Every structure is written in structure tokens, then in C-alpha cells.
Amino acid sequence: MTVFAIVFLLAALSGLALKSVLAWRQIRHVSAHRAAVPAAFRDRIDEAAHRRAADYTVARVRARLPEMVAATAWLLWLTLGGLLQDLHAALGQFLPPGELPHGVLFLALIAVIGWAMALPFELYRVFVTEAKFGFNRISPGLFFSDTVKGAALSAAIGLPLLAAALWLMDGFDRYWWLTVWAGWLGFNLLAMLIWPSFIAPLFNRFEPLEDEALRTRVTRLLERCGFHAKGLFVMDGSRRSAHGNAYFTGFGSSKRIVFFDTLLGRLDGDEIEAVLAHELGHFHHGHILKRIAVMALGSFAVLALLGWLADQNWFYQGLGMQARDSASLLALFMLAMPVFLLPLAPLMSLWSRRHEFQADRYAAKHAGAAPLISALVKLYRDNASTLTPDPWYSGFHDSHPPASSRIAHLEQLQQPSFSARPAHA
């Protein structure tokens, strides 16, 4: 076993150990606080709802433990176990290795097998865990339909992208990775433009918001905030889940505001306006553009690294590959990269939580802190979100601040003297 193989093995096992420890911390912490509603929420959420949220959180985390073990075992089998090389050689009996058809089929085969291995865990999550707590509304037929549509869409978009990437990798010399980066960035920006109008409607129905009173409120809020959207829509989220949400989608002139039908049935006009103001806060503070910029810079660095690794024999040997073609390089890199990027997860979570605090502050200014607090409490209750996450688990995984921190921040914004203080985030 080479030095890099040992480093990779230790990194993969350390990552699994870290995620497992955090998961068990979450289970113990949430279970230990199951019996009593936190003081800040006792007049807002009853004990039954709090216990249900604790049980739901524990069930979801427990279900992830075997999935994490299986994913790590699959990764090590593919690489150090030599399965990747075996698949490459087996396809080589039908298609010339190193040529475009072989490379595309090789990468597609890895993706399909990986999807098949993850499918049982997804079925358990949807039809056991989500169903047990009353959240699942998707039928087996609709699940199958979504799966077929997703597979067809992945093939229609993914296969040409893979072919283009491999063609660029083989067709250019030293700085081929720059052309791949430019193509990848362009595709992501294009996807943000076309997703709302062409892709999302394949899976959900989007109807114009018909509630005139709510439509008037939303329009006035948009005018106050200087925001323009292509339309206001209601999505049939209730066909698949009882969870509620609202979101913006698209980019530039294609931006849309989408409300889940489940959300509109739970919140009043003031609360919906506050939730929308929070989403507007993300645009006001440029969070979307900042994330696009980070994605662009991050992908640039990642592809520059890939360009360097292309000539490093120890990289292929350490991960069990004898082949040295572009498809092998891309497969190994996509498998190894998440292992070594795992330590960055808490930094990205911290950055995202800061954005949430900023968006909350914007919402409090334009729609009031009290309606947002009321809306969040309802969403925490109805979505069975735990009020007592383990601090370490939450700090590593959660893109949103814990409920207690977020509500406390909004309550501070209600104080008359708070506007004179420095910004929280």
C-alpha cells in the first residue's frame, strides 16, 4: 500500500468516525432534553410537539448511521479494493479504453451503481421515517415517476456534460482544466436561468398565487424592498411531503417567488410576509452572488488541482487504478475530493448561519420581528425541528442557526435600543 493510499484510508475512516461521533452526540443530546420544552419556547410549543420533534430528529439521525457506513465501504471498495479498475477493464472488452464512449459509459456506470446502493436508504427515509411521523405524502407510483424523470433528466444533461468534459480534457494541452472550468461555470449559470421555467415544472405544478389579499401584501413588500420578480407561484409540495417552505429560484430576470401550498395553509398574512422578507434579505445582502463567486473560485482551485494531479502517478496508484485516461482521473478525483474537503464543512455552515442572521435582521426591519418569530415557531413545530440540537453537531452540519439562537436574536431586534447597537452579524 502506497503512502497516499494510507493517507486516503485514514482520511476516509476518520471522516466516518467524526460523522458517527457527531451523530451519536446529537442522538444523546436531543434524547436527554426530550422531556422538557426549553424555557424560551414553553408558551409557544407544547410538550407533545417537542417530544415529537425529538423523536423525529433521533429517528432521522439513526437512519443515517448505516448509510454513512455503507457509503464509506462502497468508496473504499471502489478505490483501494480495486473495483473501479475492474469496471474499467470490463468495459474495455466492449469499447476501446481511453476513447470517449468508454469514458462516458464508465463514469455513468459508477453513478448508476452508486445510486442503486443509495436507493434502499432513500426508500427507508421516505416510506418509513417520514411516514411514521406523518410527513410522507408521496405514493410509490409518484416516487417511481419522479425516479424515472430524474434518471431521464440526468442522462439527457449529464451524459453530454461528461462527454464535453472528457473531450476538453483530451483535446487541450497543459491548461485543459481552464476550459473545463469555464464550461462548468457557464453551465451552472445557465442552469440557474432555465431551472424555474423548464426543469422544475417536470416534477411539480406551479400555479400563480390567486389569493388577492396576500398577492397585494407581497407586491407591496417587493416594492418597499426594491425587488423585482417574474412571478408569484404556489407549488404543490403537499403531493410529496407535509413539510412547508418558501423559496426564490432563478437568476436575473428569471427570478420567481415560490410558496409551498403547505406553508400557505399554516401561516397568516403577517407571517408569510415576514418569511418572504427574510428571503429578500438574502438578495439585499448579495448572498446569492457571494455564493456564486465562492463556487466559481472554489471550482477554479479544484480544477487547477485536478490539472496537476493528472500527471501524478501516485494519485492513480494510491487509489487502485492502473489506467491513466481522463475518465479514470475524473472518477478518482470525484470520489476522493469529498473525503479531503470534509474539514471545510463547519466553515461553510458558519458562513451560511451568518447569512441567516443578516436575512433575519432585514426581515425584522421590513416586516417586523414578531411575525417572523411567530412564523418560525410554527415552522419548527409543524416540521418537527428539534429545539435542542447538540452544539457540535449543529455547528458542523446545520446551515441555519439553532432555534434558540435565532429566536433570541429576533427578540433583541424588537428592543427599541437595539437599533443603536452594532449589527449582530
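The values are calculated or read from the model by the stated rules, or taken from the named source; none is laboratory data. These numbers were taken from a predicted model, which means no experiment stands behind them. Reconstructed Cβ throughout: ideal geometry from the backbone, glycine too, with neighbour counts over all protein chains shown.
From the set of residues in the stretch 97-118 that are touching a residue at least 12 places away in the same chain (Cβ under 8 Å) and more than 30 Å from the chain's Cα centre (by Cα), which is surrounded by the most Cβ atoms within 10 Å (Cβ to Cβ)? So, considering only residues that are touching a residue at least 12 places away in the same chain (Cβ under 8 Å) and more than 30 Å from the chain's Cα centre (by Cα), the one surrounded by the most Cβ atoms within 10 Å (Cβ to Cβ) is HIS102. There is at least one residue in the stretch 361-372 that is outside any helix (DSSP H, G or I), over 27 Å from ASP55 (Cβ atoms) and either in the same structural domain as VAL58 (by TED's automatic domain parsing) or of a type in the set (S, T, N, Q) (or both).
Table: residues versus (1) assigned to a helix (DSSP H, G or I); (2) within 28 Å of the chain's Cα centre (by Cα).
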| site | (1), (2) |
| --- | --- |
| MET1 | no, no |
| PHE4 | yes, no |
| ILE27 | yes, yes |
| TYR56 | yes, yes |
| ARG62 | yes, yes |
| TRP74 | yes, yes |
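The conditions of being out of contact with any strand residue (DSSP E or B) (no Cβ under 9 Å at 6 or more places or on another chain) and more than 23 Å from GLN358 (Cα to Cα) are met by ARG266. Residues of the stretch 156-205 that are assigned to a helix (DSSP H, G or I) and of a type in the set (Asp, Glu): ASP170 alone.
Residues in the stretch 310-335 that are surrounded by fewer than 16 Cβ atoms within 10 Å (Cβ to Cβ) and touching a helix residue (DSSP H, G or I) at 6+ places or on another chain (Cβ under 7 Å): TRP314, GLN322, ARG324. Pairing residues of the stretch 1-27 that are within 16 Å of GLY318 (Cβ to Cβ) with residues that are of a type in the set (S, T, N, Q) and in a helix (DSSP H, G or I), at Cβ distances under 6 Å and at least 6 apart in sequence or on separate chains, gives THR2/GLN317; ALA12/THR72. For the stretch 1-49, a residue qualifies if it is more than 18 Å from ALA403 (Cβ to Cβ) and of a type in the set (Ser, Thr, Tyr), and the qualifying residues are THR2, SER14, SER20. For the stretch 382-410, which positions are at pLDDT below 90 and either surrounded by fewer than 20 Cβ atoms within 10 Å (Cβ to Cβ) or touching a Gly at 6+ places or on another chain (Cβ under 7 Å) (or both)? Scanning the stretch 382-410 gives ASP382, ASN383. Under the condition of being within 22 Å of GLY231 (Cβ to Cβ) and surrounded by fewer than 20 Cβ atoms within 10 Å (Cβ to Cβ), the residues counted in the stretch 263-281 number 4.
For the stretch 119-159, the set of residues classified as surrounded by 12 or more Cβ atoms within 10 Å (Cβ to Cβ), hydrophobic (A, V, I, L, M, F, W, C) and either closer than 17 Å to LEU202 by Cα or modelled with pLDDT under 90 (or both) consists of PHE135, ILE138, LEU142, PHE143, ALA151, LEU153, ALA155, ILE157, listed by residue number. Exactly one residue out of SER385, SER326, SER374 is farther than 30 Å from PHE260 by Cα and small (Gly, Ala, Ser), and it is SER326. Take PHE94 and decide whether it is within 19 Å of GLU67 (Cβ to Cβ) and either more than 26 Å from the chain's Cα centre (by Cα) or not assigned by TED's automatic domain parsing to the domain that holds ARG64 (or both). Against the criterion (within 19 Å of GLU67 (Cβ to Cβ) and either more than 26 Å from the chain's Cα centre (by Cα) or not assigned by TED's automatic domain parsing to the domain that holds ARG64 (or both)), PHE94 does not qualify. Exactly one residue among MET321, MET334 is under 18 Å from the mean Cα position of the chain (by Cα) and at pLDDT below 95, and that residue is MET334.
When the test is whether a residue is of a type in the set (A, V, I, L, M, F, W, C) and either in contact with a strand residue (DSSP E or B) (Cβ under 6 Å, 6 or more places away or on another chain) or modelled with pLDDT of 70 or more (or both), PHE251 does not pass it.
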